1. Provide, for q = 0.17, 0.19, 0.22 Å⁻¹, the log10 of I(q)/I(0) from a solvent-free Debye sum over equal Cα point scatterers in the stretch A:43-175.
2. Given charges of +1 on the Cβ of Lys and Arg and -1 on the Cβ of Asp and Glu, with all other atoms neutral, how large is the dipole of the stretch A:43-175 about its Cα centre, in debye to the nearest 20?
3. One-quarter of the Cα convex hull surface for the stretch B:81-133, in nm²?
4. Can you give me the Kirkwood hydrodynamic radius for the stretch B:353-420, using every pair of distinct Cα atoms, in Å to one decimal?
5. Can you give the calculated 222 nm mean residue ellipticity of chain A, where each DSSP H run of n ≥ 4 adds -39,500 (n - 2.57) and the sum is split over every residue, rounded to the nearest 500 deg cm²/dmol?
6. Could you name the lysines whose alpha carbon sits less than 18 Å from that of residue B:336, not counting residues in the same chain fewer than 8 places away?
7. For residue B:47, what is the net charge nearby, where nearby means another residue's Cβ is under 15 Å from its Cβ and Lys, Arg count +1, Asp, Glu -1?
8. Run the numbers on the stretch B:222-357 and let me know its relative contact order in percent, using alpha-carbon pairs under 8 Å that are six or more apart.
Amino acid sequence: MRAVSFFRKYHKWLTLIVGVQAVLWTLSGVYMTVIPLDFIHGDHLVRPVESQKIDWNRVSVGPGRVSQNYPSAQSIELIMLAGGPVYRVKSANSQTLVDAASGGHISPVDEDLVRMLAVEHYAGEGVIEQVTLLEGNLPQEIQAADPPLWRVDFSGANEPTFYFDADTAEFLSRRHNFWRGFDFVWMLHIMDYEDRANVNNWLLRAAASLGLLAAFAGIGLLFFSFGRRRSSASGETG
Amino acid sequence: MAAMRWLHKWLGLIVGIQMTIWLLSGLMMSAFNMQTVSGADRVRGDNDLLPASAATLDAETAARSGPDARIVRLRTILGQSVYEIVGENGLSLVSAETGAPFDITSERAAEIAREDFSGSAPVTRVILREAPFLELRTHDGPVWRVDFDDGRETTLYVDGETGRILSRRNNVWRVFDVFWMLHTMDYAGRDNFNNPLIIIAGISALWLALTGFITLFSSFRLQDFDLISAMRRWRGRRIQCTLEAPDASPASQALAPGLSYFDALAARDIQLPSNCGGAGTCGLCVVRVEPDRPPTATERRLLPDSELRNGARLACQHRTRNDDRLELPEGVLGAKPLTGRVTETRFIAPFIKEITVKLNDRPARSPVSGQYVQVEIPEGAMESASFDIPEGWRARWFEHGLPARIEAPASQRRSYSMATAPHEDPKLLVLNVRAVPPASDKHSWGVGSSYIFSRKPGDEIVLHGPFGRFRPTERASELVLIGGGSGMAPLRSLIRHEYSQYGAGRPVTFFYGARTGADILYSEEFETLAKQRPEFRWVVALSDPGDDESWSGRKGLIHETAKRDLKVWDKDLLKAEFLLCGPPALVEASTKMLLGLNVPSEHIHVEDFGV
Ligand SMILES: Cc1cc2nc3c(=O)[nH]c(=O)nc-3n(C[C@H](O)[C@H](O)[C@H](O)COP(=O)(O)OP(=O)(O)OC[C@H]3O[C@@H](n4cnc5c(N)ncnc54)[C@H](O)[C@@H]3O)c2cc1C
Ligand code: FES
């Protein structure tokens, strides 16, 4: 078989297998490159909030006491929350909020506090539409976090959502529709349809290998389809 | 579809390499284990509980350490309790027990790194650097670089301010990062995949993929998906057939199952004549089989009934069968392609070029007058500028719209009849080729004719053949030729043979139809011949003379002109043989006219050009 028909045959059959995926790869690639990453991250939705100075007069419980009460603690962080000092106590698999004035346990934080924090952080348009406590299964878009979470939905055009840790009142993340679109095309791009995170999957490896072979055959074909014109042009001058 | 292919090809030229780089780098990144790339596989991962001594810390000492603090974080570094204080002027570390500054010195940095690293490999070097730099692109500030001698040159970066591990690099990551750079096309910073270069390349690649995808639909035939036959072919299974030919002794041939005879023979380098490449539209791939095989509808349309009854079939319409017997036409078995060079080209009518080819070698089988050759039309583009259309005739070309380029999407073959008699010079081939204008808006100029028109003296040309049995029998006592346009070629060949020393010199009447005076080919040659040879008559009729005052000859369609003469023929029509050649309309109308005059069909020989 002549090289050119060999290349054509392989290019044809391999792209029959990976053609759809090639369209998806380039389509998702264009989405990811055309929209600036900072926008995808939702930087425009968040206003920088500086934490308040610690009011030491109201700190009556020392860090030592907290560490006695929580022997598994790995770090203890003193901050101001809603005007009062609190300790964020983090251990390997749990975290809580402790009132630095009374030593009392204040997790999970209530909806009013979360609403206040959300308004403080939000720089987008629209108002809070809904605040929900998520305790069990988390939605795909915030899989990596640990429940319980507060989910705050805003009424902006892009359906912005803020997530707060319900135990520590920490601002965890923000989502909006372009982020969700990005997450979806990322799934198509890396072909991990379950967790959307594992690039080491065999489906992707197989598709990329076949795609690469198809590309090689395509390059081979190019060589022939443009190569002939050169030879006929040289025939003209000679 | 041709436009799609054209686009796909050019886009391939522009982004094909980058597409390959994306696939390669993507595959490599997918192949590398992310645990290794991130260095997570060599992290000790102990739980760093606060030291027992932390239990004694009170609020007052804490307040003294950071009176203006916004955040005070109690952590463990190297087994000691440390306050990380975030205040007005940034971040600082103090020992929680003594309140003294806790600086991340090079010793501490090395110790922190060693505590994090799971292996026993020694630290080889600790140096202070200022981020950001290539291996640490998103951090700002002083960092300790701690190198390990662990066989993959692991480097841990320890934050000079907080003592935290910022990242874990190793040679796997370093290679990975090069692929990442190739993937993002950000050759300076490596991380910005919103750069204009990748956006332009990405959009082009999207079009490359889309045009390719659309092209796919027309790239397959149903037969391609006959998996069972494909499996059998792949396993090397073959079908045994007997091939016969007038010019070869019968031989057994192993052919691939599941293919048409046309394709299966082509795979064995036995090339049947064809203009359509096996698509079932040209009717040239005629072979003979046992007549009991039912003809397909295509065959009934393309072949005359008398031929079908004799077992003539189209090889592209029947699949290979075990123990089949097939009779191939002359000049196919054991034939080799002929090569030659163009020596001369010239326009002889507004749309017809005469092209002369000198073959490199004498054909193994001598051609016979009236035969045709098949020209290889390679895949690629032809520039219409290279047609060299004479000034005065350009307007007639542009009536049809002439694009700058005409594309042959795949290599194919086209038939062209010889316009000279072989005895004149067996190595010389003269062809009369007519440019075929677009059949509709959606089509372009014919690829084969465009290819011939773009040839220049010196260009190489590859041919097959000669083929065909377009000639009178020896029984005929008189010949009547009817032709038009480039249908001139084989008729001229027959006439030049007839009146040469090898011919019988029988009386010939040549009815030739053309549109205008300019479209008549070789008129001087035939007028001269008519003067020298009283038994030769040359009758021309113009179908569209317009207001050409100088034309005093016949007008109208050539078959009607011929009919008028033949009706009052002074000799016995039954002893004459008729040779018709040209476009299908002419051939069809003339055949009908002759049958109407009670000419037996076996006295009518036809060469239908199909266009
Ligand atoms: C035995 C034999 C001898 C011949 N001898 C001569 C000769 O001496 N001189 C000569 O000039 N010709 C001769 N021909 C005709 C020649 O072989 C070609 O068929 C002719 O040149 C047209 O080929 P092409 O590649 O230029 O056109 P093609 O590309 O095959 O196109 C032909 C026409 O079909 C249209 N078309 C293209 N694709 C499609 C489609 N998918 N659907 C519908 N329409 C389409 C085109 O626009 C064009 O009008 C001979 C043919 C035969 C069978
Ligand atoms: S190859 Fe053209 S009809 Fe068979």
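Derivation of every value follows stated rules applied to the coordinates shown; laboratory data play no part. Not measured: the values here are computed from a predicted model. Counting neighbours? That spans all protein chains shown, and the Cβs are built from the backbone with ideal geometry, glycine included.
1. -0.93, -1.10, -1.32
2. On the way: 10 positive and 19 negative charges, 102 e Å.
Charge dipole of the stretch A:43-175: 480 debye, to the nearest 20.
3. That works out to 5.4 nm², a quarter of the Cα hull's surface.
4. 14.9
5. Details: 6 runs with 105 residues, N = 238.
Mean residue ellipticity at 222 nm (helix-derived): -15000 deg cm²/dmol.
6. Those lysines meeting the cut-off are B:358, B:427.
7. For residues surrounding residue B:47, the net value is -1.
8. Details: 214 pairs, mean separation 36.2, N = 136.
It comes to 27 percent, rounded to a whole number.
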